[in-house]
Amino acid sequence: MRYEGLDDLIREALQEERAESRELLDGLERAVTVKLAAHTPGRYWWRRLREALWGSRVAMRFAVGSAAALALVVGFLAGRMWVPGGAPWEEGGGTVFAVAAPRAESVAVVGDFSAWELVRLEDRDGSGVWTAVLELPPGRYEYAFLVDGRWVGQDPVADEYVRSFGEYASVRYVERGS
């Protein structure tokens with residue numbers, strides 16, 4: 001079934017649309033030309049470069065990410081050179097368990113090496129870094145920290161994590177001399 005006046009209606013609609021577009025575009029070329037003619041290039045190319053780089057979100061994210069990476073590297077290097085209160089692993093070897101908990105009143109480690117019984121950690125110098133050095137034979141050990149009675153099963157320095165009974169536990173592999 002064909003509508004007799006459909007072609008005429010489409011032609012009229014297209015002509016109206018062209019007329020409206022022509023009104024919107026009148027003077028656009030002149031306005032753009034005037035704007036470009038008024039713009040004079042700056043003498044300081046580094047300002048334009050800085051605006052181009054810092055003006056985009058990608059560049060901003062790159063700059064922030066670079067600064068964060070630099071801070072991590074500097075912090076890591078500073079931590080390797082200076083450890084508050086002396087390094088506990090220098091006092092006779094063993095496996096070091098450490099957790100940063102500045103506001104904690106008590107910290108312990110539990111694991112299959114102690115039949116999941118509490119092994120208290122110490123903060124000797126009050127820096128908020130709690131440590132314990134345990135003599136463990138080579139093997140695979142699951143463990144977690146208890147910070148003021150709260151389970152902390154994901155140690156950032158763990159070799160891997162396991163999840164059982166809805167909670168995470170950290171895993172550490174101890175080799176000879178570790």
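Please treat every number below as a calculation from the coordinates, not as lab data. Predicted, not measured: the structure shown is a model, and the values here were computed from it. Quick reminder, even Gly has a Cβ in these numbers, built from the backbone with ideal geometry, and neighbours come from all protein chains shown.
At an R0 of 25 angstrom, the distance between the Cβ atoms of residue 140 and residue 106 translates into a FRET efficiency of 0.40.
What the phi angles of the range 124-141 give under the Karplus curve with 6.51, -1.76 and 1.60, with θ = phi - 60°, is a coupling list of 4, 9, x, 7, x, 9, 9, 9, 8, 10, 10, 7, 10, x, x, x, 9, 10 Hz, glycine and proline written as x.
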